[in-house]
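Peer 1: Handing you this structure, nothing more for now.
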There are 2 protein chains.
Amino acid sequence: MENRKIVGLCGSLRKGSYNAMLLKIAGDLLPEEIEFEVVSYDDIPVYNADNDMPEAAERPLSVVKFREALAKADAFIITSPEYNYSIPGGLKNAIDWASRGKDSPLMHKPVALMGATQGMWGTVRMQAAFLPVFTFLNMNPVLQPEVLVAQAKNKFDEQGNLKDEVAIGIIKKKLENLISASRV
Amino acid sequence: MENRKIVGLCGSLRKGSYNAMLLKIAGDLLPEEIEFEVVSYDDIPVYNADNDMPEAAERPLSVVKFREALAKADAFIITSPEYNYSIPGGLKNAIDWASRGKDSPLMHKPVALMGATQGMWGTVRMQAAFLPVFTFLNMNPVLQPEVLVAQAKNKFDEQGNLKDEVAIGIIKKKLENLISASRV
């Protein structure tokens, strides 16, 4: 697993996002020899096929940089809230931009999806909504164990630490499975 | 049905979009007494809760205008392609912005979803992906008949007219059902 790199993407852009905390915790739990980088989609415009290749000679600069950052990944961690029982549109929009072309930086790669939410159901519907997307992209989603952090307000402290040892154990197992999947 | 207004939203921003053609055709097929307006999400940024109320005093101007345009609708027509077996992220992002708050201009309103695609399956997965969203928003989706225009290249002429009489009949029936739903 030397020289391996995992890229993390958070579905929420707000400061103090529980999913940003969750992504940081996942990164901290990775073995030291694995490089970890978090990328953001905050400067990516809404998708317009007229600005995408081959219609446009080049994609918007923020999209080019986003795709380049993703391309360096051997595997992905995506943490995300659930918006309207589905994937946050901004996150899906970034994935749409990254999905295009035979040089898509997402295709065929392992991905671990996790979610935290203030409510009761821990992003189950958001995670279900991702399955067709992963299918189309022929990604390798690490399905088990499911990381569903419900009632997040009670699970994180003010410094962004996860206080739930059971959840930490599940995240560790998910990461082990992600690393195994990226060794194939 | 006097003084009723239907707002149309297209999931694709590209020029020459089959779904923009489909939306125009649907608008043309509406009874004369119904006002029809098409709105676009092309200038809406990706959602960030820090820029949304109550955290921000006001939403981005493009979002405010988009919500105001939607608020005038008694019912909606959404036409959309399918991106990665799901809803285009940009369209979902616009819906996320419009979904927030007790004054959401989407909630409780009838909506007719339609899709055109170059491929074989006519946006079936995109339409399925919308069902949880409509559920969360407590909208009133007109489920039948399904408008699934597959192999769009063979169905539209160069002026954007739909040449398929069967499809036109299905669209007419869908619109009748949408109008009935908005009379309740």
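Peer 1: Going residue by residue through region B:160-174, is there one that turns out to be open to solvent by 60 Å² or more (accessible area, probe 1.4 Å), in contact with a strand residue (DSSP E or B) (Cβ under 9 Å, 6 or more places away or on another chain) and at positive phi?
Peer 2: No: zero hits.
Results for (1) within 30 Å of B:Gly16 (Cα to Cα); (2) touching a Phe, Trp or Tyr at 6+ places or on another chain (Cβ under 9 Å), shown as yes or no for each residue.
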{"residue": "A:Leu22", "(1), (2)": "no, yes"}
{"residue": "A:Leu29", "(1), (2)": "no, no"}
{"residue": "A:Ile44", "(1), (2)": "yes, yes"}
{"residue": "A:Ala49", "(1), (2)": "yes, no"}
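Peer 1: Does B:Ser17 meet the test of being in contact with a strand residue (DSSP E or B) (Cβ under 9 Å, 6 or more places away or on another chain), over 16 Å from B:Leu178 (Cα atoms) and open to solvent by less than 80 Å² (accessible area, probe 1.4 Å)?
Peer 2: On the way: in contact with a strand residue (DSSP E or B) (Cβ under 9 Å, 6 or more places away or on another chain): yes; over 16 Å from B:Leu178 (Cα atoms): yes; open to solvent by less than 80 Å² (accessible area, probe 1.4 Å): yes.
Yes; evaluated as a whole, the condition is true for this residue.
Peer 1: So, in region B:108-160, of the ones that are among the acidic types (Asp, Glu) and more than 27 Å from B:Ser180 (Cβ to Cβ), which residue ends up farthest from the other protein chains (Cβ to nearest Cβ)? Quick ask: steps written out before the conclusion?
Peer 2: First, the residues of region B:108-160 that are among the acidic types (Asp, Glu): B:146, B:157-158.
Those left that are additionally more than 27 Å from B:Ser180 (Cβ to Cβ): B:157-158.
Working: B:Asp157: 21, B:Glu158: 18 Å.
The selected residue is B:Asp157.
Peer 1: Same structure, new question: With in contact with a helix residue (DSSP H, G or I) (Cβ under 9 Å, 6 or more places away or on another chain) and within 16 Å of A:Gly89 (Cα to Cα) as the only criterion, which of B:Ile34, B:Ile6, B:Ile87 stands out? Can you show your working first?
Peer 2: Details: B:Ile34 fails: within 16 Å of A:Gly89 (Cα to Cα); B:Ile6 fails: within 16 Å of A:Gly89 (Cα to Cα).
Selected residue: B:Ile87, the only one of B:Ile34, B:Ile6, B:Ile87 that is in contact with a helix residue (DSSP H, G or I) (Cβ under 9 Å, 6 or more places away or on another chain) and within 16 Å of A:Gly89 (Cα to Cα).
Peer 1: Please pick out the residue among B:Ser99, B:Ser80, B:Ser86 that is touching a residue at least 24 places away in the same chain (Cβ under 8 Å) and touching a Gly at 6+ places or on another chain (Cβ under 9 Å). Lay out the reasoning, then the answer.
Peer 2: On the way: B:Ser99 fails: touching a Gly at 6+ places or on another chain (Cβ under 9 Å); B:Ser86 fails: touching a Gly at 6+ places or on another chain (Cβ under 9 Å).
When all the criteria are applied, what remains is B:Ser80.
Peer 1: Can you confirm whether region A:40-55 contains a residue that is of a type outside the set (Phe, Trp, Tyr) and touching a Gly at 6+ places or on another chain (Cβ under 7 Å)?
Peer 2: Within region A:40-55, the first condition is being of a type outside the set (Phe, Trp, Tyr), and the residues that meet it are A:40, A:42-46, A:48-55.
Then drop every residue that is not touching a Gly at 6+ places or on another chain (Cβ under 7 Å), which leaves A:46, A:53.
Yes, region A:40-55 has at least one match.
Peer 1: On to the next question. Filter region B:109-150 for residues that are surrounded by fewer than 16 Cβ atoms within 10 Å (Cβ to Cβ), assigned to a helix (DSSP H, G or I) and small (Gly, Ala, Ser) and give the result.
Peer 2: The one that is surrounded by fewer than 16 Cβ atoms within 10 Å (Cβ to Cβ), assigned to a helix (DSSP H, G or I) and small (Gly, Ala, Ser): B:Ala128.
Peer 1: Continuing with this model, one more query. Looking at A:Ser104, A:Ser80, which is the one that is within 14 Å of another protein chain (Cβ to nearest Cβ) and either open to solvent by 10 Å² or more (accessible area, probe 1.4 Å) or of a type in the set (A, V, I, L, M) (or both)?
Peer 2: Numbers: A:Ser80 fails: either open to solvent by 10 Å² or more (accessible area, probe 1.4 Å) or of a type in the set (A, V, I, L, M) (or both).
After applying the criteria, what remains is A:Ser104.
Peer 1: What tally of residues in region A:46-63 results from selecting those that are more than 17 Å from A:Leu9 (Cβ to Cβ) and within 9 Å of chain B (Cβ to nearest Cβ)?
Peer 2: Pass one, region A:46-63, residues more than 17 Å from A:Leu9 (Cβ to Cβ): A:46, A:48-61.
Adding the requirement that they be within 9 Å of chain B (Cβ to nearest Cβ) leaves A:46, A:48-52, A:55.
Result for region A:46-63: 7.
Peer 1: Can you pull out the residues in region B:133-183 that are without any contact (Cβ under 8 Å) to a residue 12 or more places away in the chain and over 18 Å from B:Ser80 (Cβ atoms)? I'd like the intermediate steps shown before the answer.
Peer 2: So in region B:133-183, the residues without any contact (Cβ under 8 Å) to a residue 12 or more places away in the chain come out as B:135, B:143, B:154, B:157-159, B:163, B:165-166, B:169, B:176, B:180.
Within region B:133-183, B:Asn154, B:Asp157, B:Glu158, B:Gln159, B:Lys163, B:Glu165, B:Val166, B:Gly169, B:Glu176, B:Ser180 qualify.
Peer 1: Search region A:153-178 for residues being touching a Leu at 6+ places or on another chain (Cβ under 8 Å), part of a helix (DSSP H, G or I) and not basic (Lys, Arg), and hand back the single one that is nearest to A:Gly8 (Cα to Cα).
Peer 2: Residues of region A:153-178 that are touching a Leu at 6+ places or on another chain (Cβ under 8 Å), as a first pass: A:155-156, A:162, A:168, A:171-172, A:175.
Filter again for part of a helix (DSSP H, G or I), leaving A:168, A:171-172, A:175.
Right, trim to not basic (Lys, Arg) and you get A:168, A:171, A:175.
Details: A:Ile168: 17, A:Ile171: 14, A:Leu175: 12 Å.
By that ranking, first place goes to A:Leu175.
Peer 1: Six or more apart or on different chains, Cβ atoms under 8 Å: show the pairs whose first residue is in region B:42-57 and surrounded by 12 or more Cβ atoms within 10 Å (Cβ to Cβ) and at pLDDT below 95 and whose second is of a type outside the set (A, V, I, L, M) and not in a loop (DSSP other than H, G, I, E, B).
Peer 2: Note: pairs meeting the criteria are B:Ala56/B:Asp50.
Peer 1: Follow-up. Kindly indicate whether B:Gly16 is facing chain A (nearest Cβ under 9 Å), of a type in the set (Gly, Ala, Ser), in contact with a helix residue (DSSP H, G or I) (Cβ under 8 Å, 6 or more places away or on another chain) and without any contact (Cβ under 8 Å) to a residue 60 or more places away in the chain. Talk me through it step by step, then tell me what you get.
Peer 2: Details: facing chain A (nearest Cβ under 9 Å): yes; of a type in the set (Gly, Ala, Ser): yes; in contact with a helix residue (DSSP H, G or I) (Cβ under 8 Å, 6 or more places away or on another chain): no; without any contact (Cβ under 8 Å) to a residue 60 or more places away in the chain: yes.
Answer is no for this residue.
Peer 1: So which residues in region A:84-101 are within 12 Å of chain B (Cβ to nearest Cβ) and open to solvent by 20 Å² or more (accessible area, probe 1.4 Å), if there are any at all? Break it down stepwise before answering.
Peer 2: So in region A:84-101, the residues within 12 Å of chain B (Cβ to nearest Cβ) come out as A:84-100.
Within region A:84-101, A:Tyr85, A:Arg100 qualify.
The values are calculated or read from the model by the stated rules, or taken from the named source; none is laboratory data. Every value quoted in this text rests on a predicted model; they were computed, and no experiment measured them. Don't worry about glycine lacking a Cβ; one is built from the backbone with ideal geometry, like all the others, and counts go over all protein chains shown. What goes into the accessible areas is simple: the full protein's heavy atoms, side chains included, and nothing from ligands, DNA or RNA. Shrake-Rupley method; radii C 1.70, N 1.55, O 1.52, S 1.80 Å.
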